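The values are calculated or read from the model by the stated rules, or taken from the named source; none is laboratory data. Fair warning: this is a prediction, and the values are worked out from it, not measured in the lab. Glycine also receives a Cβ, built like all others from the backbone with ideal geometry; neighbour counts cover every protein chain displayed. Ligands, DNA and RNA are excluded from the accessible area calculation, which covers all protein heavy atoms including side chains. Shrake-Rupley method; radii C 1.70, N 1.55, O 1.52, S 1.80 Å.
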Amino acid sequence: MDFLLDSTPPESLHGDSSFKSQLRGKWQKSVFWASCLKHALSLGQKDMVEFQDLLLSPTSKILNNWFESDVLKGTLAADAIIGSMVSINTVGSGYVLLHHVMGETDGERNIWSHVEGGMGSVSLALSNAAKEAGVHIVTEAEVSQLMIEDSGTVDGVLLADGMQVRSKLVLSNATPYKTFMLTCWISVIFMLIPTYGFFYPTCLVYAFRTQDLVPNDVLPDDFLCAIKNVDYSSGTTKLNVAVDRLPQFQCYRSSQPEVGPQHTATIRIGCESMQEISSACQDAWNGVPSRRPVMEMTIPSSLDKTISPPGKHVVGLFTQYTPFKPSDGSWEDPEYRNSSPSDQLNIPIILNISALIQAKLTYIECYFIVFLQESFARRCFNMVDEYAPGFCSSVIGYDMLTPPDLEREFGLTGGNIFHGAMGLDSLFLLRPVKGWSNYRTPVKGLYMCGSGSHPGGGVMGAPGRNAAFVVLQDLNSP
């Protein structure tokens, strides 16, 4: 899989290409497919059939063939539904399982790591590395429109304040829908990229705040139709929870309140069997949040002391399934979301969990009564309470991000954390859409470099790395 992840899909060239470019394209495709054949032959027929079975089969079938324990199968199956609205019985869901276990950290496979200081530290590290390389970074610059010459070639971006940033290259890390359809977001621009000894003006647009960023008349109708119909459905709701003590699990009783191995691991709740996961998915398919959500629980503060005050902790609950538009209410309705006078609970809602860090100096003194019905957040807390009694009473604040919140606050279309579904119909040569999988777009000079491109989502940087090689290749072409 590493070979495929690191490769640019062997897409056919578009438009008028020189004979030299066509010849180079055919050569590159031949080299790619020859390498694929070499890898396939190295596996042998038996392993190749196993690989094909893993890609095409439902997760439930794969795990039933390999394991007997319901708890083990349920725990492993939870990796196959992350960020999706599919069931573990869906054909091809086995790939999503593979996608989440094939990664590595420091050479160790299927290892997940916490970033000290939170995930923002990854962006900060990238920013620092870019600055050291001579990159100039501008943030909170609203992009009004992509400037395109009469020839159909990109000429930079027009900012909301009227400033024009000229560039023959623009890379978009926003979702395909946000890039090419009606959008409303913020931009981050990287420019003056050192390339082969000189500074090449380049814009890296992370998200946009505009309508018709790319004029529709420069995009083919079939391309627009394909982008519009990409599957952005998501059942993910993220809960960032502040607690005043570590949860104590019944299955791992300890007389010591300090951090133990049970706190530093990934904790699965609501998936003691594959049937539980299927039932949770069916609820969402019926239009309502899962009655018993599937949850991945982590306690990053058990390893990272920089993100919470002494004695307090941050708990992350990655939950499924929650429809974007529930049939029994709306996430925009405060009463549906988290309030009802029938059940009082002394929990302040922290609109941003980073407020907890700032609270080291002004520690949350203004407690207020939040009225919770069997809201989704309370439902999740109650489930954790079944395994770690007292969890509900330890909660001192939380931040809930439903699919509409993820779309509004982070520009994730549909709330999909992968910039589009990871089904077999949306991978490799079909990502983001058929015919445009090699990071280029119908607008010459505009490239896609986010998770909506091959090889998809995950904190790995592969789409950006692959896109960068394509850009450098085009820069060196006559």
Exercise. When the label point is put 7 Å from the Cα of Ser113 along its Cα-to-beta-carbon vector, which residues of the stretch 231-268 have a backbone N closer than 19 Å?
Worked result: 264-266
Exercise. What length, rounded to one decimal in nm, is gained on full extension from Ala125 through to Lys228, with 0.36 nm per residue of separation minus their alpha-carbon distance?
Worked result: 33.7 nm
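Tell me, what is the per residue accessible area of the stretch 289-334 in Å², probe radius 1.4 Å? Intermediate results must be reported in sequence, preceding the final value.
Values: 1840 Å² over 46 residues.
Ligands and nucleic acids excluded, the result is 40 Å² per residue.
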Exercise. Can you tell which of Phe3, Leu43, His14 lies farthest toward the positive end of the dipole of the stretch 1-81, using +1 and -1 charges on the Cβ of basic and acidic side chains (Lys, Arg; Asp, Glu)?
Worked result: His14
Exercise. Taking 0.36 nm per residue of separation and subtracting the Cα-Cα distance, what length does fully extending Ser477 through Ala265 add?
Worked result: 71.4 nm
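Apply 1/(1 + (r/R0)^6) to the Cβ-Cβ distance of Arg253 and Trp66, taking R0 = 45 Å, and write down the FRET efficiency to the nearest 0.05.
Result of the calculation: an efficiency of 0.90.
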Exercise. How large, in Å, is the stretch 84-131 by the Kirkwood hydrodynamic radius built from its alpha-carbon pairs?
Worked result: 13.4
Seminar exercise, completed: Along the dipole axis of the stretch 98-179 (charges at Cβ: +1 for Lys and Arg, -1 for Asp and Glu; origin at the Cα centre), the most positive-end residue among Leu159, His99, Gly134 is His99
Exercise. Using alpha carbon centroids, what distance separates the stretch 124-186 and the stretch 49-101, in Å?
Worked result: 38
Seminar exercise, completed: Expressed as a percent, the accessible surface of the stretch 417-478 that is carbon or sulfur, using a 1.4 Å probe and the full set of protein chains, is 61
Exercise. Where the centroid of each part is defined by its Cα atoms, how far is the stretch 415-458 from the stretch 391-412 in Å?
Worked result: 27
Exercise. At a probe radius of 1.4 Å, what is the per-residue accessible area of Asp70, in Å² to the nearest 10?
Worked result: 90
Exercise. Ranked from the most accessible area to the least, with a 1.4 Å probe and all protein chains present, what is the order of Trp436, Trp27, Trp33?
Worked result: Trp27, Trp33, Trp436
Exercise. Given the Cα-Cα distance of Phe469 and Gln164 and 0.36 nm per residue of separation, how much length would full extension add, in nm?
Worked result: 107.1 nm
Exercise. If the label point is 7 Å along Cα→Cβ of Leu4, which residues in the stretch 75-98 have backbone nitrogen under 15 Å from it?
Worked result: 92-98
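Do you know the relative contact order of the stretch 36-160, to the nearest whole percent, from alpha carbon pairs under 8 angstrom that are 6+ apart?
Here the relative contact order equals 15 percent.
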Problem set entry | Spin-label model distance (nm) - Leu424 vs Trp285, 7 Å beyond Cα toward Cβ | 1.8
